[in-house]
Amino acid sequence: MNTYFVAFWNLENLFAPEGFPDREPWIAEAVGRDLAGWTEALFARKIDRLALGIKSMNGNAGPDLLGVCEVENRFVLDRLTQALNSMLPARRYGVIHADATRDKRGIDTAFLFDANRLSTNPEEVFSHFVMRRTGTRDITQATFKTSSQHEFVALSNHWPSRSGGHHTQSQGFRMTAGETLGYWHERIREVKGDNTAVIAMGDFNDEPADPSLTVHANSSRERDDIENARSARFYNLAWNYLRQDAETVSGERRTLYGTLYYKGNANIFDQLLVSRAFLRGAGPFRVREQTARIETLPAMVADSKNEGPIRFGLPKGDPAENVNTNGFSDHFPVSVTIEVDEPTG
C-alpha cells in the first residue's frame, strides 16, 4: 500500500512583479493599479511565504500533488517550484499549466506535482472553457500516473466569484461552472471507463450544499449514494472538516468554520470532490476521508476570530497599507490522503 498527499490552495493574486516584460497588455491594463508598487522584493517574499506554507503540509514533507488557482502565468509557477525544490531536496516539483484563461484579470488554475512520484502525459492536459458572457477561469484537467502506473484524473477549479451578489447576479455563473465540471466528469468516464478515479478540487466560491455543487456538479455528502451511483457523481470531502480546531499565530486554540473569512463570516469555498472509484470498485484507489482537513500552519491563522487566514495582499500603490509581508493568502489550503494498491516506495 502506498499513499499520496493531495492538496489545493488559492494562492491569492500571485502576479509577476510590476513591469513584468512578458505580461499581456490587456492584463497590464486590467491590474495595473493593483500592482503599483509590486516590486521584485515583494514578489520574492510572497513566493517564500507560499513555499513555506506548502512545505508545512504533510508533516513538512510537502504535497505530492497540489492544485492551485489565482496564478498569473507559468513564470510565477516556475519561481514557486524553484523555491519549493530548494526547501525540499527530496522533491522534484513540476508544473502543469494551460495559459488559456479568459478571466478578466488573467488568473489561471494549475497543478504542481512531484515528478519523483507522479508522471503525466502532456497530451492529456486540457483547459475546459466555462461558457459565460463575461470573462471567467477555465478548468484545468490532467491525468496522473502513480509509480505503478495506476491512473487518475484531476481537475483544478476556480469558479466565478460572488461579485454583484450571491443570488442576484453571480449564482448562475457558478451553476454553469458546475455543469461544465459535471459534463467533463461524464466525458472522462465515457473515454476511460466508469471506474476511473477522478478528483476535482478548487475554490468553488460556493458552499458544499449550494446547487452549483449538489445539482450541477452532482456532488453529495452521502457516501453510500456515491458508492452505489451509476452516473458521474462526486463525494464531497468538505463536510469532513467542518468545525476544525486550529492553533493561531499566538499559540491560542480556536475553532475554524471555513477556508476563508469575509467580513467576519466563514465560508467553505475550498473543497475536494472524489468519484466512486476512490470509495469502492475494482480500482486500486481509496480515499482516507478522515484525513480531509483545512491546512493550518499556525503562522497562517490570525488571532482575531473575524480574520481567518492571514493574507499577503497587493500594494495598490501603497505597500505599507495594503501588504502584510508575514501573510500568505486569503484562503487556507485543504488536503486529503489517498491510498493506492502498490508497493510502498
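Just so it is clear, none of the values below were taken in a lab; they were calculated from the coordinates. On a predicted model such as this, the values are computed, not experimentally measured, just so you know. Note: ideal-geometry Cβ built from the backbone for every residue, glycine included; neighbour counts use all protein chains shown.
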Completion exercise
Taking N as the number of residues in the range 2-340, the ratio of its alpha carbon radius of gyration to 2.2 N^0.38 Å works out to 0.93
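Rank these for me by crowding, ASP206, ASP330, going from fewest to most other beta carbons within 10 Å.
Numbers: ASP206 27, ASP330 21.
Fewest to most other Cβ atoms nearby, the residues stand as ASP330, ASP206.
Of LYS46/LYS145; LYS46/LYS192; LYS55/LYS145, which pairs sit farther than 28 Å apart, going by alpha carbon to alpha carbon?
Too far apart for the 28 Å limit: LYS46/LYS145; LYS46/LYS192.
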Exercise for the section: Select from GLU207, GLU70, GLU29 the residue whose mean-square fluctuation is largest in a Gaussian network model of the chain (Cα-Cα springs shorter than 10 Å). Expected result: GLU29
Fill in the blank from the handout: FRET efficiency (THR39, ARG254; Cβ distance; R0 22 Å; to 0.05) is 0.05
Exercise for the section: Take LYS145, LYS46 and order them by how many other Cβ atoms sit within 10 Å, fewest up front. Expected result: LYS145, LYS46
Exercise for the section: Enumerate the aspartates and glutamates that LYS316 could reach by cross-link, defined here as Cα to Cα under 12 Å, with residues fewer than 8 away along the same chain left out. Expected result: GLU18, ASP34
